[in-house]
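S.K.: Handing you a structure now.
The values are calculated or read from the model by the stated rules, or taken from the named source; none is laboratory data. Keep in mind it's a predicted model, so treat the numbers as computed, not measured. Here the Cβ is made from the backbone with ideal geometry for all residues, glycine too, and neighbour counts use every protein chain on show. Accessible surface areas use protein heavy atoms only, side chains included; no ligands, DNA or RNA. Shrake-Rupley method; radii C 1.70, N 1.55, O 1.52, S 1.80 Å.
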Amino acid sequence: MTEREDHAVDRGFIRIGEAPEDWRQMLAKGCWTLLYMLYMATVVGDLTEGHHTVPATVLGWAGLTVFVVVYLFMVLGRRPRGRLSRRQLTTLAGLYVLAVVLALALGSVWLVLLVYVAISAGVMLPMKWALRVIPFVAVSEVVVGLVDGADTTRQLTLVLPTLLGGAAMMGIVQMGRTMRELREARATVAHLAANEERLRLARDLHDLLGHSLSLITLKSELAGRMLPDKPEQAAQQVADIERVSRQALVDVREAVSGFRRPTLDSEIAGARTALAAAGVAAAVDGAIGHADLPPEEEGALAWALREAVTNVVRHSGASRCEVTLGEQGDELCLTVTDNGHGPARPHGNGLTGLAERLALAGGRLETGRGPRGGFRLRACVPLARRPAPEPAEALP
(Lines give C-alpha, C1' and ligand atoms only; values in the text may rest on other atoms or scores of the structure.)
Protein backbone atom coordinates (compact mmCIF):
# COMPACT_ATOMS: atom_id res chain seq x y z
CA MET A 1 0.00 0.00 0.00
CA THR A 2 1.36 3.40 -0.96
CA GLU A 3 1.76 6.29 1.44
CA ARG A 4 -1.14 8.14 -0.15
CA GLU A 5 -3.43 5.12 0.10
CA ASP A 6 -2.39 4.57 3.72
CA HIS A 7 -3.23 8.19 4.55
CA ALA A 8 -6.58 7.86 2.81
CA VAL A 9 -7.38 4.76 4.86
CA ASP A 10 -6.65 6.51 8.15
CA ARG A 11 -8.20 9.88 7.32
CA GLY A 12 -10.65 10.93 9.99
CA PHE A 13 -9.70 8.04 12.29
CA ILE A 14 -8.45 8.97 15.77
CA ARG A 15 -5.43 6.78 16.40
CA ILE A 16 -4.51 6.45 20.08
CA GLY A 17 -0.79 6.85 20.64
CA GLU A 18 -0.29 8.43 17.21
CA ALA A 19 0.61 12.06 16.61
CA PRO A 20 -2.43 14.04 15.34
CA GLU A 21 -2.17 14.93 11.66
CA ASP A 22 -4.56 17.90 11.59
CA TRP A 23 -6.50 20.21 13.88
CA ARG A 24 -9.56 17.91 13.90
CA GLN A 25 -7.60 14.99 15.27
CA MET A 26 -5.90 17.34 17.73
CA LEU A 27 -9.31 18.60 18.91
CA ALA A 28 -10.72 15.07 19.23
CA LYS A 29 -7.71 13.81 21.15
CA GLY A 30 -7.76 16.89 23.34
CA CYS A 31 -11.41 16.28 24.26
CA TRP A 32 -11.00 12.70 25.43
CA THR A 33 -7.72 13.60 27.19
CA LEU A 34 -9.45 16.36 29.16
CA LEU A 35 -11.94 13.83 30.51
CA TYR A 36 -9.15 12.14 32.43
CA MET A 37 -7.81 15.47 33.67
CA LEU A 38 -10.80 15.84 36.01
CA TYR A 39 -8.93 13.75 38.57
CA MET A 40 -6.45 16.65 38.84
CA ALA A 41 -9.08 18.68 40.68
CA THR A 42 -8.14 17.06 44.02
CA VAL A 43 -4.46 17.86 43.52
CA VAL A 44 -5.15 21.46 42.51
CA GLY A 45 -7.48 21.83 45.50
CA ASP A 46 -4.74 20.53 47.80
CA LEU A 47 -2.39 23.27 46.54
CA THR A 48 -4.91 26.12 46.62
CA GLU A 49 -6.42 25.41 50.06
CA GLY A 50 -3.21 26.23 51.91
CA HIS A 51 -2.39 22.78 53.30
CA HIS A 52 1.35 23.23 52.71
CA THR A 53 4.09 25.76 53.33
CA VAL A 54 4.96 28.27 50.64
CA PRO A 55 8.09 26.41 49.45
CA ALA A 56 6.18 23.13 49.37
CA THR A 57 3.34 24.78 47.44
CA VAL A 58 5.76 26.26 44.90
CA LEU A 59 7.48 22.91 44.44
CA GLY A 60 4.07 21.24 44.16
CA TRP A 61 2.97 23.60 41.37
CA ALA A 62 6.27 23.11 39.55
CA GLY A 63 6.10 19.33 39.87
CA LEU A 64 2.46 19.26 38.76
CA THR A 65 3.24 21.42 35.72
CA VAL A 66 6.11 19.17 34.68
CA PHE A 67 3.96 16.07 35.22
CA VAL A 68 1.06 17.38 33.11
CA VAL A 69 3.35 18.50 30.27
CA VAL A 70 5.14 15.17 30.13
CA TYR A 71 1.86 13.25 30.39
CA LEU A 72 0.28 15.16 27.49
CA PHE A 73 3.44 14.72 25.45
CA MET A 74 3.35 10.98 25.95
CA VAL A 75 -0.38 10.50 25.36
CA LEU A 76 -0.68 12.83 22.37
CA GLY A 77 2.69 11.95 20.87
CA ARG A 78 3.59 9.11 18.54
CA ARG A 79 3.79 5.62 19.99
CA PRO A 80 6.76 3.52 18.83
CA ARG A 81 5.91 0.72 16.42
CA GLY A 82 7.29 -2.76 16.81
CA ARG A 83 9.84 -2.01 19.56
CA LEU A 84 10.24 0.02 22.71
CA SER A 85 11.83 3.43 22.39
CA ARG A 86 14.46 3.97 25.07
CA ARG A 87 13.63 7.68 25.22
CA GLN A 88 9.92 7.06 25.72
CA LEU A 89 10.56 4.27 28.21
CA THR A 90 12.84 6.59 30.18
CA THR A 91 10.20 9.32 30.07
CA LEU A 92 7.57 6.93 31.40
CA ALA A 93 9.89 5.84 34.22
CA GLY A 94 10.57 9.50 35.04
CA LEU A 95 6.84 10.20 35.14
CA TYR A 96 6.39 7.32 37.59
CA VAL A 97 9.25 8.52 39.84
CA LEU A 98 7.90 12.08 39.82
CA ALA A 99 4.42 10.88 40.84
CA VAL A 100 5.82 8.77 43.70
CA VAL A 101 8.05 11.61 44.97
CA LEU A 102 5.18 14.13 44.92
CA ALA A 103 2.88 11.66 46.72
CA LEU A 104 5.49 10.97 49.42
CA ALA A 105 6.33 14.67 49.83
CA LEU A 106 2.84 16.23 49.69
CA GLY A 107 0.49 13.52 50.94
CA SER A 108 -1.77 10.72 49.81
CA VAL A 109 -3.96 13.10 47.76
CA TRP A 110 -1.19 13.10 45.16
CA LEU A 111 -1.51 9.35 44.63
CA VAL A 112 -3.97 10.25 41.89
CA LEU A 113 -0.97 11.00 39.66
CA LEU A 114 -0.27 7.28 39.46
CA VAL A 115 -3.59 6.86 37.65
CA TYR A 116 -2.12 8.93 34.82
CA VAL A 117 1.05 6.85 34.90
CA ALA A 118 -1.06 3.72 34.35
CA ILE A 119 -2.94 5.41 31.51
CA SER A 120 0.35 6.43 29.89
CA ALA A 121 1.61 2.85 30.21
CA GLY A 122 -1.54 1.54 28.54
CA VAL A 123 -1.04 3.94 25.65
CA MET A 124 2.72 3.73 25.19
CA LEU A 125 3.69 0.15 25.99
CA PRO A 126 3.04 -3.01 24.01
CA MET A 127 0.39 -5.21 25.57
CA LYS A 128 2.76 -7.76 27.09
CA TRP A 129 4.65 -4.95 28.88
CA ALA A 130 1.53 -3.00 29.85
CA LEU A 131 0.05 -6.12 31.50
CA ARG A 132 3.01 -6.08 33.88
CA VAL A 133 3.52 -2.34 34.37
CA ILE A 134 -0.09 -1.38 35.17
CA PRO A 135 -0.47 -3.86 38.10
CA PHE A 136 2.98 -2.74 39.31
CA VAL A 137 1.77 0.88 39.37
CA ALA A 138 -1.34 -0.18 41.30
CA VAL A 139 0.77 -2.04 43.86
CA SER A 140 3.04 0.99 44.16
CA GLU A 141 -0.04 3.08 44.82
CA VAL A 142 -1.00 0.82 47.74
CA VAL A 143 2.54 0.84 49.18
CA VAL A 144 2.90 4.61 48.95
CA GLY A 145 -0.56 5.02 50.44
CA LEU A 146 0.41 2.87 53.42
CA VAL A 147 3.53 4.99 53.91
CA ASP A 148 1.46 8.17 53.77
CA GLY A 149 -1.12 6.72 56.14
CA ALA A 150 -4.00 6.82 53.63
CA ASP A 151 -7.17 5.03 54.65
CA THR A 152 -8.46 1.95 52.84
CA THR A 153 -11.33 3.78 51.16
CA ARG A 154 -9.02 6.31 49.51
CA GLN A 155 -6.72 3.56 48.30
CA LEU A 156 -9.60 1.60 46.76
CA THR A 157 -10.95 4.71 45.03
CA LEU A 158 -7.54 5.16 43.40
CA VAL A 159 -6.45 1.56 42.77
CA LEU A 160 -9.60 0.70 40.82
CA PRO A 161 -9.30 3.72 38.45
CA THR A 162 -5.62 2.87 38.00
CA LEU A 163 -6.35 -0.68 36.90
CA LEU A 164 -9.48 0.18 34.92
CA GLY A 165 -7.96 3.26 33.26
CA GLY A 166 -4.85 1.38 32.18
CA ALA A 167 -6.89 -1.59 30.93
CA ALA A 168 -9.29 0.72 29.09
CA MET A 169 -6.44 2.45 27.27
CA MET A 170 -4.93 -0.92 26.37
CA GLY A 171 -8.29 -1.96 24.90
CA ILE A 172 -8.67 1.30 22.97
CA VAL A 173 -5.17 1.02 21.54
CA GLN A 174 -5.80 -2.59 20.54
CA MET A 175 -9.14 -1.69 18.99
CA GLY A 176 -7.53 1.12 17.01
CA ARG A 177 -4.81 -1.24 15.82
CA THR A 178 -7.40 -3.82 14.79
CA MET A 179 -9.48 -1.25 12.91
CA ARG A 180 -6.38 -0.03 11.12
CA GLU A 181 -5.47 -3.59 10.11
CA LEU A 182 -9.02 -4.25 8.93
CA ARG A 183 -9.02 -1.12 6.79
CA GLU A 184 -5.67 -2.02 5.31
CA ALA A 185 -6.94 -5.55 4.66
CA ARG A 186 -10.05 -4.18 2.96
CA ALA A 187 -7.93 -1.93 0.75
CA THR A 188 -5.68 -4.87 -0.08
CA VAL A 189 -8.67 -7.06 -0.97
CA ALA A 190 -10.02 -4.32 -3.25
CA HIS A 191 -6.61 -3.98 -4.90
CA LEU A 192 -6.36 -7.74 -5.41
CA ALA A 193 -9.90 -7.85 -6.79
CA ALA A 194 -9.02 -5.13 -9.31
CA ASN A 195 -5.90 -7.06 -10.32
CA GLU A 196 -7.93 -10.25 -10.66
CA GLU A 197 -10.46 -8.44 -12.84
CA ARG A 198 -7.68 -7.11 -15.06
CA LEU A 199 -6.23 -10.60 -15.37
CA ARG A 200 -9.68 -12.01 -16.19
CA LEU A 201 -10.20 -9.38 -18.86
CA ALA A 202 -6.75 -10.05 -20.32
CA ARG A 203 -7.45 -13.79 -20.45
CA ASP A 204 -10.87 -13.28 -22.00
CA LEU A 205 -9.62 -10.85 -24.62
CA HIS A 206 -6.81 -13.23 -25.54
CA ASP A 207 -9.20 -16.16 -25.86
CA LEU A 208 -11.84 -14.16 -27.73
CA LEU A 209 -9.64 -12.19 -30.10
CA GLY A 210 -6.82 -14.64 -30.75
CA HIS A 211 -8.80 -16.82 -33.15
CA SER A 212 -10.70 -13.89 -34.70
CA LEU A 213 -7.61 -11.81 -35.43
CA SER A 214 -5.78 -14.82 -36.83
CA LEU A 215 -8.72 -15.53 -39.12
CA ILE A 216 -8.93 -11.88 -40.19
CA THR A 217 -5.21 -11.86 -41.01
CA LEU A 218 -5.49 -15.08 -43.01
CA LYS A 219 -8.49 -13.90 -45.01
CA SER A 220 -6.85 -10.54 -45.65
CA GLU A 221 -3.85 -12.32 -47.16
CA LEU A 222 -6.16 -14.48 -49.29
CA ALA A 223 -8.08 -11.45 -50.50
CA GLY A 224 -4.82 -9.72 -51.39
CA ARG A 225 -3.64 -12.72 -53.46
CA MET A 226 -7.01 -13.01 -55.25
CA LEU A 227 -6.93 -9.42 -56.44
CA PRO A 228 -7.17 -8.42 -59.22
CA ASP A 229 -7.67 -11.78 -60.97
CA LYS A 230 -10.54 -13.11 -58.83
CA PRO A 231 -12.55 -10.10 -57.62
CA GLU A 232 -15.66 -12.10 -56.71
CA GLN A 233 -13.78 -14.49 -54.47
CA ALA A 234 -11.85 -11.56 -52.96
CA ALA A 235 -15.15 -9.80 -52.22
CA GLN A 236 -16.35 -12.95 -50.46
CA GLN A 237 -13.22 -12.94 -48.31
CA VAL A 238 -13.77 -9.25 -47.45
CA ALA A 239 -17.37 -10.05 -46.46
CA ASP A 240 -16.09 -12.82 -44.21
CA ILE A 241 -13.61 -10.39 -42.66
CA GLU A 242 -16.43 -7.95 -41.91
CA ARG A 243 -18.52 -10.71 -40.32
CA VAL A 244 -15.68 -11.95 -38.15
CA SER A 245 -14.73 -8.44 -37.06
CA ARG A 246 -18.31 -7.64 -36.07
CA GLN A 247 -18.51 -10.82 -34.03
CA ALA A 248 -15.19 -9.97 -32.39
CA LEU A 249 -16.55 -6.54 -31.47
CA VAL A 250 -19.60 -8.16 -29.86
CA ASP A 251 -17.35 -10.55 -27.93
CA VAL A 252 -15.20 -7.68 -26.68
CA ARG A 253 -18.24 -5.73 -25.48
CA GLU A 254 -19.55 -8.76 -23.61
CA ALA A 255 -16.13 -9.41 -22.08
CA VAL A 256 -15.80 -5.82 -20.88
CA SER A 257 -19.28 -5.91 -19.35
CA GLY A 258 -18.48 -9.16 -17.53
CA PHE A 259 -20.51 -11.38 -19.89
CA ARG A 260 -23.65 -9.73 -18.58
CA ARG A 261 -26.03 -7.58 -20.55
CA PRO A 262 -28.53 -5.83 -18.21
CA THR A 263 -32.20 -6.55 -18.73
CA LEU A 264 -35.22 -4.36 -18.16
CA ASP A 265 -36.61 -6.79 -15.58
CA SER A 266 -33.51 -6.61 -13.38
CA GLU A 267 -33.08 -2.86 -13.78
CA ILE A 268 -36.74 -2.17 -12.93
CA ALA A 269 -36.30 -4.17 -9.73
CA GLY A 270 -33.06 -2.33 -8.95
CA ALA A 271 -34.72 1.02 -9.68
CA ARG A 272 -37.54 0.30 -7.23
CA THR A 273 -35.02 -0.64 -4.55
CA ALA A 274 -32.81 2.42 -5.15
CA LEU A 275 -35.71 4.87 -5.22
CA ALA A 276 -37.27 3.38 -2.09
CA ALA A 277 -33.92 3.60 -0.27
CA ALA A 278 -33.62 7.27 -1.27
CA GLY A 279 -37.15 8.06 -0.10
CA VAL A 280 -38.46 8.71 -3.63
CA ALA A 281 -41.94 7.45 -4.48
CA ALA A 282 -41.75 5.30 -7.63
CA ALA A 283 -44.53 4.88 -10.18
CA VAL A 284 -43.77 2.24 -12.82
CA ASP A 285 -46.18 1.95 -15.76
CA GLY A 286 -46.04 -0.09 -18.92
CA ALA A 287 -44.69 -3.48 -19.92
CA ILE A 288 -41.47 -4.57 -18.31
CA GLY A 289 -40.28 -6.77 -21.14
CA HIS A 290 -41.13 -6.85 -24.82
CA ALA A 291 -41.24 -9.86 -27.08
CA ASP A 292 -40.09 -7.95 -30.19
CA LEU A 293 -37.10 -6.28 -28.48
CA PRO A 294 -33.68 -7.72 -29.39
CA PRO A 295 -31.17 -8.21 -26.54
CA GLU A 296 -28.91 -5.34 -27.66
CA GLU A 297 -31.75 -2.81 -27.72
CA GLU A 298 -33.10 -4.09 -24.40
CA GLY A 299 -29.62 -3.71 -22.89
CA ALA A 300 -29.45 -0.11 -24.10
CA LEU A 301 -32.81 0.71 -22.49
CA ALA A 302 -31.72 -1.03 -19.30
CA TRP A 303 -28.57 1.13 -19.16
CA ALA A 304 -30.75 4.21 -19.77
CA LEU A 305 -33.00 3.29 -16.86
CA ARG A 306 -30.01 2.72 -14.58
CA GLU A 307 -28.44 6.08 -15.48
CA ALA A 308 -31.74 7.95 -15.12
CA VAL A 309 -32.50 6.48 -11.69
CA THR A 310 -28.95 7.18 -10.55
CA ASN A 311 -29.34 10.84 -11.52
CA VAL A 312 -32.70 11.05 -9.74
CA VAL A 313 -31.25 9.62 -6.54
CA ARG A 314 -28.03 11.64 -6.56
CA HIS A 315 -28.80 15.00 -8.09
CA SER A 316 -32.50 15.74 -8.52
CA GLY A 317 -33.77 16.18 -4.96
CA ALA A 318 -37.05 14.73 -6.19
CA SER A 319 -39.79 13.14 -4.10
CA ARG A 320 -41.48 11.27 -6.94
CA CYS A 321 -40.26 9.46 -10.05
CA GLU A 322 -42.36 8.03 -12.88
CA VAL A 323 -41.12 5.32 -15.22
CA THR A 324 -43.10 4.45 -18.36
CA LEU A 325 -42.33 2.07 -21.21
CA GLY A 326 -44.43 2.11 -24.35
CA GLU A 327 -44.46 1.99 -28.11
CA GLN A 328 -44.38 5.13 -30.23
CA GLY A 329 -44.64 4.22 -33.88
CA ASP A 330 -41.78 1.87 -34.75
CA GLU A 331 -39.93 2.66 -31.55
CA LEU A 332 -40.05 1.49 -27.98
CA CYS A 333 -39.47 4.42 -25.62
CA LEU A 334 -38.50 4.44 -21.97
CA THR A 335 -39.41 7.68 -20.16
CA VAL A 336 -38.21 8.61 -16.68
CA THR A 337 -39.66 11.80 -15.18
CA ASP A 338 -39.08 13.32 -11.74
CA ASN A 339 -40.33 16.39 -9.87
CA GLY A 340 -36.91 17.58 -8.76
CA HIS A 341 -34.77 20.63 -9.50
CA GLY A 342 -34.60 20.08 -13.23
CA PRO A 343 -31.55 20.40 -15.50
CA ALA A 344 -29.01 22.87 -14.07
CA ARG A 345 -25.99 22.24 -16.30
CA PRO A 346 -24.99 20.54 -19.57
CA HIS A 347 -24.85 16.79 -19.85
CA GLY A 348 -22.20 15.00 -17.85
CA ASN A 349 -20.19 11.98 -18.86
CA GLY A 350 -22.97 9.60 -17.85
CA LEU A 351 -25.61 10.99 -20.24
CA THR A 352 -23.03 11.49 -22.99
CA GLY A 353 -21.98 7.85 -22.76
CA LEU A 354 -25.63 6.80 -22.64
CA ALA A 355 -26.38 8.70 -25.85
CA GLU A 356 -23.45 6.95 -27.53
CA ARG A 357 -24.64 3.56 -26.30
CA LEU A 358 -28.16 4.17 -27.63
CA ALA A 359 -26.76 5.35 -30.96
CA LEU A 360 -24.89 2.05 -31.33
CA ALA A 361 -28.23 0.25 -30.91
CA GLY A 362 -29.89 2.53 -33.49
CA GLY A 363 -31.73 4.52 -30.82
CA ARG A 364 -31.75 8.08 -29.55
CA LEU A 365 -31.79 10.02 -26.29
CA GLU A 366 -33.93 13.03 -25.37
CA THR A 367 -33.51 15.03 -22.18
CA GLY A 368 -35.04 18.21 -20.84
CA ARG A 369 -37.49 19.71 -18.40
CA GLY A 370 -40.60 17.68 -17.70
CA PRO A 371 -44.13 18.91 -18.44
CA ARG A 372 -44.66 19.73 -14.73
CA GLY A 373 -41.10 20.74 -13.97
CA GLY A 374 -38.31 18.48 -12.88
CA PHE A 375 -36.29 16.48 -15.39
CA ARG A 376 -37.37 14.05 -18.10
CA LEU A 377 -35.21 11.46 -19.85
CA ARG A 378 -36.54 9.56 -22.85
CA ALA A 379 -34.61 6.75 -24.50
CA CYS A 380 -35.99 5.20 -27.68
CA VAL A 381 -34.80 2.17 -29.66
CA PRO A 382 -36.17 0.73 -32.91
CA LEU A 383 -38.75 -1.99 -32.46
CA ALA A 384 -38.35 -5.09 -34.63
CA ARG A 385 -41.66 -6.40 -35.86
CA ARG A 386 -42.19 -10.07 -36.38
CA PRO A 387 -43.62 -10.81 -39.81
CA ALA A 388 -47.25 -11.82 -39.71
CA PRO A 389 -47.81 -15.50 -40.50
CA GLU A 390 -49.10 -16.18 -44.00
CA PRO A 391 -52.59 -17.63 -44.12
CA ALA A 392 -52.73 -21.31 -44.94
CA GLU A 393 -53.97 -22.17 -48.41
CA ALA A 394 -57.36 -23.82 -48.48
CA LEU A 395 -57.34 -27.44 -49.47
CA PRO A 396 -59.28 -28.26 -52.64
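S.K.: Can you name the residue in the stretch 290-344 that is aliphatic (A, V, I, L, M) and in a loop (DSSP other than H, G, I, E, B) and, of all such residues, is most open to solvent (accessible area, probe 1.4 Å)?
M.R.: Ala344
S.K.: Given the residues Thr178, Thr217, Thr263, which is the only one that is open to solvent by 50 Å² or more (accessible area, probe 1.4 Å), closer than 30 Å to Val284 by Cα and modelled with pLDDT of 75 or more?
M.R.: After ruling out the rest, the residue left standing is Thr263.
S.K.: Which ones in the stretch 107-134 are among the aliphatic types (A, V, I, L, M) and either open to solvent by 10 Å² or more (accessible area, probe 1.4 Å) or more than 15 Å from Phe67 (Cα to Cα) (or both)?
M.R.: Hits for the stretch 107-134 are Val109, Val123, Met124, Leu125, Met127, Ala130, Leu131, Val133, Ile134.
S.K.: Regarding Val189, is this residue under 45 Å from the mean Cα position of the chain (by Cα) and either exposed (fewer than 14 other Cβ atoms within 10 Å of the Cβ) or of a type in the set (D, E, K, R) (or both)?
M.R.: Spelling it out, Val189 is indeed under 45 Å from the mean Cα position of the chain (by Cα) and either exposed (fewer than 14 other Cβ atoms within 10 Å of the Cβ) or of a type in the set (D, E, K, R) (or both).
S.K.: Within the stretch 280-315, restricting attention to residues that are at pLDDT below 80 and among the acidic types (Asp, Glu), which residue is nearest to Pro382 (Cα to Cα)?
M.R.: Asp292
S.K.: Take the stretch 377-387 and flag every residue that is at pLDDT below 90 and of a type in the set (D, E, K, R).
M.R.: Of everything in the stretch 377-387, those that are at pLDDT below 90 and of a type in the set (D, E, K, R) turn out to be Arg385, Arg386.
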